[in-house]
Every structure is written in C-alpha cells, then in structure tokens.
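The values are calculated or read from the model by the stated rules, or taken from the named source; none is laboratory data. Computed from a prediction, not measured in an experiment: that's the story for all the values here. Here the Cβ positions follow ideal geometry from the backbone for every residue, glycine too, while neighbour counts run over all protein chains shown. These area figures cover heavy atoms from the full protein model, side chains too; ligands, DNA and RNA do not enter into them. Shrake-Rupley method; radii C 1.70, N 1.55, O 1.52, S 1.80 Å.
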Amino acid sequence: MFEANLPLFEQMYERYLADPQSVTQEWRALFEEQMRPTLPTPKPKVVSDQRIQELIDAYRTHGHLGAHVNPLQKRPPLPAVLDPTTYGFTEADRLRQFSDGGTLDEIVQRLQRTYMGQMGIEYVEGVDPAITHWIQQQIEPTYFEPQLSMEQKQMILEQLNKSDLFEGFIHTRYTGQKRFSLEGAETLIPMLQGAIEEGAKQGGEEFILGMAHRGRLNVLSNILNKSYTNIFSEFEEGYIPDSFEGSGDVKYHKGFFGTIQTVAGKQIRIELVPNPSHLESINPVVEGYVKAKQIAARDMLLSKVIPILIHGDAAISGQGVVYETLQMNQLEGYSTGGTLHFIVNNQIGFTTLPQDSRSTHYCTDIAKTFGAPVFHVNAEDPEGAVFATLLAMQIRQKFHIDVFIELNCYRKYGHNEGDEPAFTQPLEYKLIRAKKPIRELYRDTLIHQGVVEKAMAEGLETAFKRALAQAQKGGKIPGISVSTSLQESDIFASIQTGVSENELQQIAAKINEVPPHFHLHPKLDNLLKGRMAMARGERPVDWGMAEMLAYGSLLWQRNAVRLAGQDSGRGTFSHRHALWMDQEVEKEYFSLQHLCEGQGRCDMINSPLSEFAALGFEFGYSVAAPEGLTVWEAQFGDFANGAQTILDEYLTTAEQKWGQKSPLTLLLPHGYEGQGPDHSSGRIERFLQLAGNDNIVICNPTNPAQLFHLLRRQVLRSLKKPLVVFTPKGLLRLPACVSPVQSLSQGTFQEFLDDPSKPRNPHKLLFCSGRIYYDLEELRTKEKVENVAILRIEQLYPLHLDKLKTLLNGYSQIQEAVYVQEEPSNMGAWSFLQSPLQSLLPEGVPLQYIGRSRSAAPAAGSYGLHRKENAAILERVFSKDKPTIFDIAHHLRA
Ligand SMILES: Cc1ncc(C[n+]2csc(CCOP(=O)(O)OP(=O)(O)O)c2C)c(N)n1
C-alpha cells in the first residue's frame with residue numbers, strides 16, 4: 001500500500017518526526033505502530049521505508065531457514081525470502097540510513113546475527129502474538145546469543161563428558177550389544193540437565209519423561225542417576241531381573257525414578273516412565289500420568305509437575321498419535337500445562353532418509369498446528385542448544401504451552417550398534433566417521449576460551465573412566481529365578497460392595513437435585529423423577545441409574561471418579577445424563593460434583609474423537625492415581641481397536657513387563673442388535689486372547705446391580721487390575737434388564753448368575769454371556785419350556801472355576817449342555833470357554849455350540865438378515881425342548 005505512495009509516506013513521516021501533533025491521528029497511530037519496542041527509535045533525517053519492516057518481519061518469521069543448524073551440512077544458501085533484493089533494495093541502499101536502526105547493511109547484519117546463527121527459531125506464525133512479543137524481547141537485545149555463566153559452561157562440558165564416555169565405555173566393554181547409542185546427539189544430556197535446572201528454578205518439583213530407545217540408558221544414568229553398576233549388570237550374560245515378579249523387558253524400555261538435587265540445591269523428583277517399542281505411544285501415557293500427579297499435588301497452575309517428551313525425527317513426523325496427543329494440550333480434562341518436546345533429529349529413521357519419511361520441511365512441523373514455538377539447534381553448538389532449552393522451559397512455565405526443541409545431530413553408528421549403516425548411507429557415513437566427538441570439540445573451545453584448563457579437562461575424563469570401570473567390576477549380579485505367574489491369592493476374594501438403602505436414597509437425592517434457577521430439559525425432568533422413584537424402591541433400578549449410583553456412592557465415600565470418552569457426559573445412547581445443559585444459557589452442570597462436603601473429585605469428560613491417545617492418557621492417569629475409579633468408554637466397543645497399541649503394549653502387559661499396575665476400567669458397548677458390522681462387537685475374543693497371568697478382568701454383566709457392584713469392587717478391593725466391561729446398548733431400555741434397589745444395598749458382584757427361575761430337574765443347561773440371555777429367557781417363557789436352565793457367565797476372565805464347579809453340582813442330572821452366543825464362532829468367548837466348561841460337565845455330556853458360524857465380518861449389515869440369524873440361533877436352542885401338544889395337555893391335567 002505504501003510502496004505506491006512512498007513519497008507521501010516519507011513526507012508525512014518527516015512532519016511527524018518534527019512534530020507528532022502536525023499529522024492526523026491515523027498517521028500518528030501508524031508511525032507509532034512502526035516503532036517496535038526492540039528496535040531503536042529512528043533518528044531524524046533518515047529515510048523510513050516499509051520495505052525495511054518487511055525485511056525485518058521476514059527474518060523474524062523465516063530467519064531459521066538460513067540458520068546453520070545441521071552439523072552434517074554447511075550453512076544453507078541465503079533463501080530468497082531473506083535476501084534484501086527480494087524487497088527491492090539495491091547496492092545503492094546498503095549504506096543508506098533507515099529509520100529502523102542504521103544502514104541497510106547494519107540492519108541486515110543485526111538480523112542475521114540474531115536469526116541465522118547456529119540456532120533457528122519459529123515463533124511468529126501461528127503463535128499467540130503476546131508470546132511472540134515476549135520471546136522477541138528475550139532474544140533480540142542480545143542477538144539470540146547464548147548468555148551462559150562460566151559455571152554453566154563447565155556443567156555442559158561435564159555432562160558431555162558423562163554422556164560421551166558412558167557410550168564409549170559400553171561400546172568397548174560390551175561390543176555389539178544393542179544400546180541405541182546417543183553418540184552424535186550427546187548434547188541431549190546437557191540440554192535435559194538445563195531443562196531440569198531451569199524448570200526447578202521456575203517452580204518445577206517433578207519431571208516426568210517419556211522417550212524411546214535412543215540414548216535411553218544414557219538418560220537413565222546421567223539424568224536420573226541410575227547407577228552405572230545397575231546398568232552394566234543388565235549387559236552381563238545370564239542377567240535376570242529381580243525387582244518384581246514379572247518377566248521383564250529389554251533394558252532400553254525400562255523406567256526408573258530418582259530424587260536429585262539441582263545445582264541451586266532444590267530437591268526434585270525425576271521419573272522416566274517405561275515404554276514399549278511402539279514409537280510415540282508413550283506420549284499420551286506420560287500426559288495422563290502427569291495430569292494425575294498434578295491433581296494429587298494440587299498443582300493448580302500446572303507448574304510443579306512438568307512433562308518432557310523426547311522424540312526421534314522419523315517417529316514424530318510419522319506417528320499419528322503425536323497429533324492426537326497434542327490435540328489434547330489445551331483441553332480442560334487433559335491439559336498438563338504444556339510439554340517440553342526434544343527431538344533427536346539424527347536425520348535418519350533406521351535406514352530411511354528424511355526425503356522418504358516425511359512431506360513437511362521440518363520433522364517438527366506439527367508444532368505449527370498448535371501454535372507451539374520451535375527451536376532448531378545444532379548438536380555441535382552445545383551452548384546454543386542449552387540456551388534455547390532454558391528459554392523453552394521459561395516459555396512453558398510462563399505461558400503453559402508446548403514448546404519444541406529440535407536437536408539437529410547425527411547417528412554415529414547404525415540403527416543399533418551391530419547394524420552397518422553404509423549399506424544404505426555410504427556418503428553420509430563417510431562424513432560421520434570423520435567427525436570429532438562433540439565433547440572434544442567443546443572441550444577444546446572452552447580450553448581456548450580459558451574457561452577450563454587442559455590438564456583439568458583431561459583429569460576429569462580419566463577420573464570418570466576410572467569410575468565407570470569400577471562400576472563395571474561391581475556389575476555382575478548373579479541370576480535369580482523369576483516366577484512368571486502374577487497369581488494373587490485374592491483375585492476371587494469376595495468384596496462387600498453394597499450400600500445401605502438409606503445412603504442410596506441420600507445419594508440419589510443429590511444426584512437428581514437440580515440447582516436453583518437451572519433450566520433443565522423437560523425430558524430430563526421426567527427422567528430424574530423416575531430415578532427418584534427407583535431409589536425409593538417404587539420402580540426397579542435401570543442401568544443408567546445403577547451406574548450413576550455406583551459413581552455417586554464412590555464419590556460420597558470420598559473416592560475420586562474420572563470418566564472420559566466420546567460423548568460420555570450425556571452418554572452415546574442417552575442413558576447416563578451425568579451432564580445437564582442449562583437450556584437457556586447452555587452452561588453445563590454435573591450433579592455428581594455437588595453431592596456433599598469432602599466428596600471425591602469427579603471428572604466427567606467428553607473426550608476428543610480419539611482412541612489411541614485418549615485411552616493412552618487414561619492408562620497413564622490410572623497408573624498414577626490407582627486409588628480412584630478411572631474409566632475410559634469407547635463410543636462403540638469395536639472402536640477400541642484404534643487403541644490396540646495401548647491394549648497390547650500397556651494395559652494387558654505393563655504389569656508383567658514393568659511391574660506397573662493399572663486399575664483402569666474400560667466400558668465397551670457390545671451386543672448384536674442389527675446395527676451392522678461396526679457397531680455390534682466389542683471384540684470379546686481379542687481381550688480374551690490378551691488375558692494371561694491374571695493380567696486383566698473381563699466382564700459382561702447382564703443387570704444393573706451387577707454393574708453397580710462391579711464398578712464399586714474395582715475401587716474397594718486392594719487388587720489393582722485393569723477391568724474390561726462389555727456394556728449394553730439395547731438393554732439400557734429393556735424393561736426386563738432392571739434390578740430391585742435392594743440388590744444394590746447388599747451383596748457383591750457375581751461371577752456367574754444361576755438361573756433365577758430355578759427350573760425343576762432340567763435336562764439341558766445353556767451357558768451364555770451378555771445380552772442374548774434376555775432373548776433366551778423370553779423365548780423360553782413364551783414357549784413354556786420348563787426343563788432347560790440358563791447359566792450366565794458374567795466374568796469371563798479370570799474364570800472362577802471352583803465357584804462354577806459348585807454351581808454345576810446342582811446340574812449333575814443334565815443330558816445336554818450348550819454354549820450359546822450371538823457372535824460368530826471365531827469370535828466371542830466360545831473358543832476360550834469351550835475347554836474349561838467341558839472339563840466341569842458330567843461325564844458323557846458334550847458341550848455343543850450354537851451361535852453364528854465362522855465369519856470375517858463381526859455382524860451382518862442388514863437388520864433383516866440380523867433378525868433372521870438371531871431367530872435361527874434361538875430356534876436351534878429350543879427346537880427339541882418346546883412342549884408338544886400332548887405335554888401341554890398332560891401339564892394341564894396335572
Ligand atoms: C510404531 C513403530 N514402528 C516401527 C518401529 C521400528 N523402529 C524402531 S526404531 C525405528 C526408526 C526410528 O527412527 P527415529 O524416530 O528417527 O529415531 P532414531 O532411531 O533415529 O533415533 C523404527 C522404524 C517401532 N519401534 N515402532
């Protein structure tokens with residue numbers, strides 16, 4: 001705009017400088033806006049030029065493109081966007097004085113010094129302008145050059161020593177063993193140290209780290225102070241873990257925690273959580289873990305417990321869970337106040353080069369979607385890397401956003417130490433082999449600067465190597481026999497979970513209490529009246545009410561309850577209504593949060609549309625908050641397969657691998673009701689396949705009281721195991737699927753439900769689990785079948801065989817036994833139950849199967865076909881048992 005009117009602009013500016021009141025308000029505002037705080041006030045008689053501002057903005061925005069951050073490449077050529085000629089400047093302008101602070105040459109020099117050193121920064125586009133402004137004030141006055149004290153520099157050298165010599169030691173003493181060396185990226189260690197020191201200074205008390213294989217041992221020893229002896233012992237032949245009764249994991253997946261003292265003398269706690277091989281899956285787990293710890297620490301400002309995630313370049317750019325996790329970072333139910341992300345960009349992923357592994361320019365480009373500032377640093381510039389880290393931590397503590405630091409480095413060896421990198425990267429590895437270790441480069445710089453003396457530096461190295469050798473001598477820990485069974489004697493212990501009717505009524509009154517002036521939806525008004533009638537025993541309790549009473553009673557008794565899932569507040573099937581929305585002001589209300597003074601914390605959360613990160617988060621949360629009830633609900637059970645990684649690698653195996661206990665509860669809607677292949681099955685078979693060593697509890701409860709006792713048992717028993725509950729859809733409204741309120745006030749969860757109609761002398765016993773019970777029962781009644789009993793299996797795993805055996809004593813006379821299920825034969829519980837059930841049946845009674853035949857898709861697409869299949873199953877079950885006309889006549893006569 002002003003380029004066209006430049007003469008006018010300059011004329012007005014001259015007038016403004018002579019007397020600001022001589023120009024109009026608009027011009028004055030414009031000129032004042034031009035004078036950015038960090039740029040010197042223009043001197044009189046100089047030329048103002050809009051293009052200069054454009055050039056300055058370009059450096060602030062794109063300067064990182066010209067920074068020398070890659071230790072394997074020379075400084076990149078000046079990108080056009082940073083070239084003054086792009087803005088119309090010519091040779092003749094170079095020495096011209098501009099109002100924005102000196103000659104063009106001087107301005108460009110200053111910008112290049114600030115934005116094109118060995119650090120690049122992305123902090124303008126997409127970032128909150130207030131944060132941009134703050135960062136600008138931190139970096140521009142000192143040209144974004146590291147401002148570090150002598151002690152800080154010596155500390156960097158010390159950390160580089162530790163980091164590099166540790167790797168070198170293992171490399172020579174345990175040749176060829178996998179350790180995923182950090183060499184080429186050893187600067188990560190002083191950066192982490194810097195982050196922790198600065199974080200502690202800014203209020204941090206606890207740091208929770210998540211990271212993959214690369215450099216993990218180095219971080220464990222040098223950041224968490226895990227003893228070298230301890231680490232080396234795991235490299236010894238015949239090493240068997242002794243810390244818990246599991247079967248363990250490889251050394252570069254293990255977690256650890258330690259308390260350390262910062263240089264400033266503050267005690268802080270650092271924890272590296274264990275993680276599996278599946279890259280980036282740890283991200284949501286760490287966030288959930290941190291969230292729970294923040295709540296426990298009453299960390300209202302989210303400043304005391306700080307999450308730090310360390311990524312690889314290929315992993316962060318390739319794995320979708322990174323996006324899913326970042327998407328949570330400002331959501332009330334999930335935010336941990338910002339995560340510090342380190343990316344070890346060694347410019348390769350196993351054997352794959354960046355050009356084959358991502359479409360984005362930087363591996364960190366996802367940060368832009370979330371307005372997170374990104375620092376790009378060069379591993380061969382440890383001071384810059386540490387300085388950027390300190391700044392990043394300050395940003396996190398001040399603004400509570402995610403901040404990324406990309407450490408541009410290289411990988412000294414192959415993917416692991418036994419791997420030959422030159423098969424695929426011959427030229428790159430020629431370059432890498434010629435590299436001097438970063439430790440040596442930095443040591444020589446400091447000697448040159450007189451910060452350390454040569455003899456002292458060498459003395460430190462020798463002493464450190466001696467300490468490592470000493471540690472190795474003590475590192476041979478004899479083999480210890482390990483039990484792989486996690487059997488705990490009380491897995492079947494019966495816990496009294498009933499709540500007195502009086503207490504239930506009090507809780508119900510609060511659950512159903514509408515606050516004054518709240519505009520309730522008229523349909524909810526009726527629902528709440530119905531729920532009150534249930535509590536008074538005037539109507540049987542339905543599923544939704546039993547569930548609310550389970551949460552309400554736990555909260556009432558001071559336990560925390562957290563339920564998260566897609567649309568969980570209301571409930572996908574509109575059965576829960578834990579969330580009420582004021583119909584006039586659209587403000588939400590959760591009656592469960594207003595039960596009584598001192599009640600437990602209650603979080604009812606509508607989650608983002610994610611399964612992987614959403615479940616990972618709740619898993620992490622439940623591990624850090626094992627006392628409360630933590631529930632994750634899938635919208636339909638089958639959607640849990642989007643979180644299969646969490647199910648396989650955390651929920652069902654964490655205890656055996658890492659001794660990590662989670663009492664997380666999963667609610668997975670399941671049931672064949674004609675909604676098609678994707679909304680019928682919660683994939684019972686998948687969970688049963690993952691079951692072993694009593695690692696999880698899998699239940700398929702069929703009445704509201706059972707759900708009530710099951711949810712309460714999960715909190716009230718000391719055993720901490722994940723609980724998978726297949727929950728109903730149609731049964732939510734089935735008149736038969738209700739429980740008398742008395743059944744909530746006494747008793748406990750029943751692993752099996754014997755036939756309530758107690759048929760006399762049955763000749764046939766049906767086993768089933770879940771919804772189909774009601775179809776069987778309905779038809780049995782309708783057809784007046786009298787000699788068939790139905791036994792429900794409510795807990796599928798662990799199967800309480802002793803109890804079942806006792807139950808079956810009452811059926812010793814049966815001649816037929818059938819397992820009935822609605823799932824296809826290759827799905828559901830059939831193949832898992834066949835053998836144990838058969839083993840308990842009377843001699844000569846084979847267990848038959850009636851259900852859908854083997855199928856690829858879990859259910860039929862058309863409602864009509866579903867109905868036909870269902871009818872066929874029921875018909876087969878009862879075809880021989882229906883009374884004949886003679887039986888009926890006989891019966892009537894009798
Ligand atoms: C989800 C997943 N897919 C594949 C792998 C196998 N894998 C292990 S390391 C690796 C390369 C990782 O590269 P990068 O993230 O750059 O980290 P680096 O090893 O270079 O430090 C791959 C593909 C894995 N562990 N997890």
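Structure summary
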item	result
Some residue of region 822-829 being under 25 Å from Ser680 (Cβ atoms) and of a type in the set (Asp, Glu)	yes
Odd one out for Leu111, checked against (1) over 20 Å from Pro373 (Cα atoms); (2) out of contact with any strand residue (DSSP E or B) (no Cβ under 9 Å at 6 or more places or on another chain)	(1)
Elements of type helices (runs of 4 or more DSSP H) in region 584-697, at least 1 residues being more than 26 Å from Arg854 (Cα to Cα)	612-624, 654-658
The lone exception for Ile814 - which of (1) in contact with a helix residue (DSSP H, G or I) (Cβ under 7 Å, 6 or more places away or on another chain); (2) not in a helix (DSSP H, G or I) it fails	(1)
Matching residues, region 270-325, being charged (D, E, K, R) and within 16 Å of the ligand (Cβ to nearest atom)	Glu280, Asp313, Glu324
Condition broken by Asn329, with the remaining ones in (1) within 11 Å of the ligand (Cβ to nearest atom); (2) part of a loop (DSSP other than H, G, I, E, B) satisfied	(1)
Odd one out for Arg60, checked against (1) out of contact with any Phe, Trp or Tyr (no Cβ under 8 Å at 6 or more places or on another chain); (2) surrounded by 19 or more Cβ atoms within 10 Å (Cβ to Cβ)	(1)
When residues of region 274-297 are limited to those that are in a loop (DSSP other than H, G, I, E, B) and surrounded by fewer than 24 Cβ atoms within 10 Å (Cβ to Cβ), the one farthest from the chain's Cα centre (by Cα)	Ala297
Residue identified as at pLDDT 95 or above, closer than 18 Å to Pro722 by Cβ and surrounded by fewer than 19 Cβ atoms within 10 Å (Cβ to Cβ) among Glu611, Glu597, Glu627	Glu627
Search result, residues across region 139-182 that are within 16 Å of the ligand (Cβ to nearest atom) and of a type in the set (Asp, Glu)	Glu167
Residue in region 772-791 that is assigned to a loop (DSSP other than H, G, I, E, B), surrounded by 15 or more Cβ atoms within 10 Å (Cβ to Cβ) and modelled with pLDDT of 95 or more present	no
Region 312-339 residues that are in contact (Cβ under 8 Å) with a residue 60 or more places away in the chain and open to solvent by 20 Å² or more (accessible area, probe 1.4 Å), paired with ones that are within 16 Å of the ligand (Cβ to nearest atom) and charged (D, E, K, R) (beta carbon under 8 Å, 6 or more apart)	Gly312/Arg214
Residue in region 341-356 that is crowded, with 22+ Cβ neighbours inside 10 Å, within 15 Å of the chain's Cα centre (by Cα) and within 22 Å of Ala614 (Cα to Cα) present	yes
Test: residue in region 698-710 that is over 20 Å from Ala634 (Cα atoms), free of Cβ contacts under 8 Å to residues at least 60 places away in the same chain and out of contact with any strand residue (DSSP E or B) (no Cβ under 6 Å at 6 or more places or on another chain)	no
Members of region 559-594 found to be open to solvent by 20 Å² or more (accessible area, probe 1.4 Å), farther than 24 Å from Ser335 by Cα and not hydroxyl-bearing (Ser, Thr, Tyr), listed by number	Phe573, His575, His577, Gln583, Glu584, Val585
Residue within region 315-323 that is of a type in the set (Val, Ile, Thr) and assigned to a loop (DSSP other than H, G, I, E, B) present	no
Helices (runs of 4 or more DSSP H) enclosed by region 159-270 - at least 3 residues per element that are under 19 Å from Leu468 (Cα atoms) and open to solvent by 20 Å² or more (accessible area, probe 1.4 Å)	228-233
Any chance Asp381 is among the acidic types (Asp, Glu) and surrounded by 21 or more Cβ atoms within 10 Å (Cβ to Cβ)	yes
Filter result for Tyr362 (open to solvent by 10 Å² or more (accessible area, probe 1.4 Å), over 19 Å from the mean Cα position of the chain (by Cα), of a type outside the set (D, E, K, R) and modelled with pLDDT of 95 or more)	yes
Residue list for region 808-817, restricted to those being open to solvent by 40 Å² or more (accessible area, probe 1.4 Å) and of a type outside the set (Gly, Ala, Ser)	Asn809, Gln813, Gln815
Qualifying positions in region 507-529 - assigned to a helix (DSSP H, G or I) and either without any contact (Cβ under 8 Å) to a residue 12 or more places away in the chain or basic (Lys, Arg) (or both)	Lys510, Pro522, Lys523, Asp525, Asn526, Lys529
Boolean, Gln838 is assigned to a helix (DSSP H, G or I) and touching a strand residue (DSSP E or B) at 6+ places or on another chain (Cβ under 8 Å)	yes
Number of the exception - Lys868 against (1) free of Cβ contacts under 8 Å to residues at least 24 places away in the same chain; (2) more than 22 Å from Pro701 (Cβ to Cβ); (3) open to solvent by less than 70 Å² (accessible area, probe 1.4 Å)	(3)
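Here's the yes/no breakdown for (1) outside any loop (DSSP other than H, G, I, E, B); (2) crowded, with 20+ Cβ neighbours inside 10 Å:
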{"site": "Val724", "(1), (2)": "yes, yes"}
{"site": "Pro735", "(1), (2)": "no, no"}
{"site": "Phe749", "(1), (2)": "no, yes"}
{"site": "Ser757", "(1), (2)": "no, no"}
